[in-house]
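Data first, discussion second: the structure below is written as structure tokens.
The values are calculated or read from the model by the stated rules, or taken from the named source; none is laboratory data. The structure displayed is predicted, hence computed values, not measured ones. Positions of Cβ are backbone-derived with ideal geometry, glycine not excepted, and every protein chain shown enters the neighbour counts.
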Amino acid sequence: MVWMDEDTRLIDLDFVNAYLLKAGDGYILIDTGIARQWSRLENELLQAGSLPAHLKLVVITHGDFDHTGNCAELQRKYHLKIAMHAGDVNMVKTGVPVKRNAKGLLGKLFLGLGRRLGGNFHTFQPDIILQDGQGLIEYGLPARVIYTPGHTKGSIAILTADGQLFVGDTLSKRRKLTSAAFIENEKELHASLAVLKGLKARVIHPGHGKPFAFEELVALTE
């Protein structure tokens, strides 16, 4: 686990990030990593003091297996509430990913390997359906949901009141900043990027790679 600041922690789960945010007297987890990293995720959450009783909500940025891989186990073992957008519910209920076009060599490679990288995915039913503009203050976090379809139909971002923006796979920064490596709807992705650029954010936390300054997104021309 890597401290970003006193209220935000990055949990590195192989090639994907999860984030643990302080939310009042508890915590909110953004994304859950791949299924074969369950033990690591659980240990990180226990060490942080969010489990067994202080994790108020799990927010999913989109339905891909590398972000939802431990949702079923969090529900089963800790009775946690999972929240996500309606657009990706069918993915997690059936375990069937949506069809997308890959961008670049990395995207094509990842799309080809698919779930083999993540272990056994267990389907689940989300407890809460999030909508664009919905606030999270009832869970102790001054933040709101930003609907960002394109990578998937149900992709969302979370913008906190202090300017932290969690974007899932809409943006990544491994070696350089890029938009989604594989795309369900390119027109929607470009529209979502425009929405993100119009926000008043300070730092962006991607699902893959390192956090980066908001100004880097503004300069992105993809």
* Structure fact -> Leu165 passes all but one of the listed conditions (1) surrounded by fewer than 20 Cβ atoms within 10 Å (Cβ to Cβ); (2) within 13 Å of the chain's Cα centre (by Cα); the exception is number (1)
* Those strands (runs of 3 or more DSSP E) lying entirely in segment 17-102 with at least 2 residues in contact with a Pro (Cβ under 8 Å, 6 or more places away or on another chain), modelled with pLDDT of 95 or more and within 20 Å of Ile128 (Cα to Cα) -> 82-85
* **Top-ranked residue in segment 47-79 [being free of Cβ contacts under 8 Å to residues at least 40 places away in the same chain and among the hydroxyl-bearing types (Ser, Thr, Tyr); ranked as surrounded by the fewest Cβ atoms within 10 Å (Cβ to Cβ)]** => Tyr78
* Consider only pairs whose beta carbons are under 8 Å apart and that are at least six residues apart or on different chains; among these, list those whose first residue lies in segment 178-199 and is in a strand (DSSP E or B) and whose second residue is among the small types (Gly, Ala, Ser) and loosely packed, with under 14 Cβ neighbours inside 10 Å. => Thr178/Gly104
